[in-house]
Amino acid sequence: MASVLVVGGGGREHAIVDVLSRSARVGKIYCAPGNAGIAQQAECVPLKDTDVDGLLQFAQAKGIDLTVVGPEAALAAGIVDRFRAAGLKIFGHTQAATAIESSKEFAKQLMLRSHVPTASYCAFREFSQALTYVRAGSFPTVIKYDGLAAGKGVVVAADLAEAEAALRDMLLDGRYGEGKVVIEEFLTGPEFSLMAFVSGRQVCPMVAAQDHKRAYDGDKGPNTGGMGAYTESFATGKSGLSFISDEEYDFAVTHILQPVADAMADAGTPLSGVLYGGLMKTPSGIKVIEFNARFGDPETEVVLPRLESDIFDIFEAVADARVIPAPTWRDESVMGVVLASKGYPGSYSKGAPIDVGPDFGERICHMGTKRTDEGGLVTAGGRVLMVIAGASTMSEAARRCYAAVEKVHCDNLFYRKDIANYVL
Ligand code: AMP
Ligand code: GLY
């Protein structure tokens, strides 16, 4: 039986640990740093996800057979390159390949070269040039910091004043560090997430999911890391989303994910992990909003429960740069509701006690929780828990999910009451 190390400590990693624990080939699971929920299924190791030296030493000392990387920061820090150089097996992209997420301009140039549909753009380092460009354009316009900004480096500016403030923040005040901005055409339409396991030129798409990025019901309020997600059964088609037809799903795989995998391989930086397409169904077809070089969070928590195949076989094939055994998916609708600390995505307090009833009955992924010295469960982050339920129909999944949410008692959490309403 293999021993596996999962790097990261959020809901996404809890979902990964959960599917790994179902694998016939996996014995011991470690997770660094993990969280209070993950600790029920894996041994948590107090190492930060970017502590590459510490993680490498740990993996060597424990004879870890396979390491699986969750967060982009660890990938961008070169964890995969270091593990491979030391002869260790690891699932995730190299530092060079992670540029598909860590540099917006790199991603845009690659899309342009490969004829992948996306918003038109211009990149700037100079504040005055960027300002001249937005002045000459129309509004709304989209301004993105060209680097990792924990999902916060995007401003949809309604007018010149908002655009100028964003440019000032990013180019003059160094809010996210040194760097350029990408200014994009504003696109409209429903967004969805399509992830794939990629081994070089081989792309194995997962079922698609939709994330709910705004904090409050009715898509109101500030952007967050994601307040809930869902994926629908095959009764609505093969994509996993009723508003994405089979043809649109095939288009996204053939004309978006595949050309990116090919271009990365051609450039000598092949992909070896998850490629996440943040896509939009616009009036003129499916277009790319962004790529990520990792599993999405919270999409992973609803997509992976549908995976029928043994995920260890997939991870190992990718880590070995071998052909991935084609994954199969359960015909089930799954949805998940995020419970977040009041105040999130702004400032919030931590340490509120959480009581999850004993007869909970549904899956729960911990996103930001901790045990106190006395053993009590408390909040320890912005997004705290995600409650997940699957059923043959989305309405039944929603009913069960919200019934379970009611069983979580904590006076400092809030959640959206309209997850998956779009398709109900
Ligand atoms: P990103 O981090 O690139 O996914 O952007 C965050 C959010 O900003 C997206 O989920 C979209 O809602 C919005 N956004 C980004 N780019 C565009 C665009 N070109 N047009 C319209 N909305 C966008
Ligand atoms: N759910 C969006 C992301 O993982 O970036």
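Just so you know, all these numbers are worked out from the coordinates, no wet-lab data involved. Computed from a predicted model, the values in this text were never measured in an experiment. Every residue, glycine among them, receives a Cβ derived from its backbone with ideal geometry; neighbour counts consider all protein chains shown.
Its relative contact order, with pairs defined as Cα atoms under 8 Å and 6+ residues apart, puts the chain at 16 percent.
Which shape class applies to the stretch 323-395: rounded if a/c is under 1.5, otherwise prolate when a/b exceeds b/c and oblate if not, where a ≥ b ≥ c are the square roots of the Cα gyration tensor eigenvalues? In terms of gyration-tensor shape, prolate.
Applying 0.36 nm per residue to the separation of Lys220 and Lys28 and subtracting their alpha-carbon distance, the gain on full extension is 64.8 nm.
Taking all C-alpha pairs of the chain, those more than 39 Å from each other amount to 15 percent.
Excluding residues fewer than 8 places away in the same chain, name every one of the aspartates and glutamates whose C-alpha is closer than 14 Å to that of Lys108. Within reach: Asp146, Glu184, Glu185, Glu290. Sorting Thr379, Thr188 by the number of Cβ atoms found within 10 Å of their own Cβ, with the fewest placed first, yields Thr188, Thr379. Counting 0.36 nm for each residue step from Ser347 to Ala86 and taking away their Cα separation leaves a gain of 89.9 nm.
With only the Cα atoms considered, the stretch 215-258 has a convex hull volume of 105 Å³ per residue. The Cα atoms of the stretch 48-158 give a gyration tensor whose axes a ≥ b ≥ c have a/c of 1.5 or more with a/b greater than b/c, which makes the shape prolate.
Figure legend: label point modelled 7 angstrom from the Cα of Ser284 along Cα→Cβ; residues of the stretch 90-133 with amide N under 11 Å from it are 118-120.
In this structure, the amide hydrogen of Leu339, modeled 1.01 Å from its nitrogen in the peptide plane, lies closer than 5 angstrom to those of Val384, Leu385, Met386, Val387, counting only residues at least 5 positions away or on a different chain. Couplings 3J(HN,Hα) for the stretch 401-413, derived from phi with the Karplus relation 6.51 cos²θ - 1.76 cosθ + 1.60 (θ = phi - 60°), are 5, 5, 5, 6, 4, 4, 8, 8, 10, 6, 8, 10, 10 Hz, where x marks Gly and Pro.
What's the center-to-center distance, using Cα atoms, between the stretch 345-424 and the stretch 1-74 in Å? Going from one Cα centre to the other spans 23 Å.
In the chain, excluding the sites themselves, the longest stretch lacking any of the GluC sites (Glu not before Pro) that are in a DSSP loop with at most 15 other Cβ atoms within 10 Å is 1-125. For the stretch 270-348, a simple Cβ point-charge model (Lys and Arg +1, Asp and Glu -1, everything else neutral) yields a dipole of about 420 debye relative to the Cα centre. Across the stretch 117-219, counting alpha-carbon atoms alone, Rg and Dmax equal 16.0, 45 Å. For the stretch 27-33, the Karplus equation 6.51 cos²θ - 1.76 cosθ + 1.60, evaluated at θ = phi - 60°, returns couplings of x, 7, 10, 10, 9, 10, x Hz by residue, with Gly and Pro reported as x.
Can you tell me how the stretch 177-233 classifies by the Cα gyration tensor, rounded, prolate or oblate, using a/c under 1.5 as the rounded cut? Oblate is the answer for the stretch 177-233, as a/c is 1.5 or above yet b/c matches or exceeds a/b. For the stretch 282-408, pairs of C-alpha atoms spaced more than 18 angstrom apart make up 66 percent of the total.
Note that the stretch 158-175 has calculated 3J(HN,Hα) couplings of 7, 8, 4, 4, 5, 5, 5, 4, 5, 5, 4, 3, 7, 9, 9, 8, x, 3 Hz, one per residue in order, obtained from phi through the Karplus relation 6.51 cos²θ - 1.76 cosθ + 1.60 (θ = phi - 60°); glycine and proline are x. Amide H to amide H distances under 5 Å link Thr282 with Lys287, where only residues 5 or more positions off or on other chains count and H is placed in the peptide plane. Over the stretch 225-293, the pair-distance histogram of Cα-Cα distances with 5 Å bins from zero comes to 3, 14, 21, 24, 19, 12, 5, 1, 0 percent, rounded to whole numbers. Amide H to amide H, with H built 1.01 Å from N, Thr379 comes under 5 Å of Gly351, Ala352, Ile354, counting only residues 5 or more places away or on other chains.
With r defined as the distance between the Cβ atoms of Asp418 and Val156 and R0 fixed at 22 Å, what FRET efficiency is calculated, to the nearest 0.05? Efficiency, from the Cβ-Cβ distance: 0.55. Run a plain Debye calculation on the stretch 166-292 (Cα atoms as equal point scatterers, no solvent) and give log10 I(q)/I(0) at q = 0.17, 0.22 Å⁻¹, rounded to two decimals, same order as the q list. Cα-only, vacuum Debye calculation for the stretch 166-292: -1.02, -1.28.
Helices in the chain, meaning DSSP H runs of at least 4 residues, each add -39500 (n - 2.57). Divided by all residues, the mean residue ellipticity at 222 nm is -7000 deg cm²/dmol.
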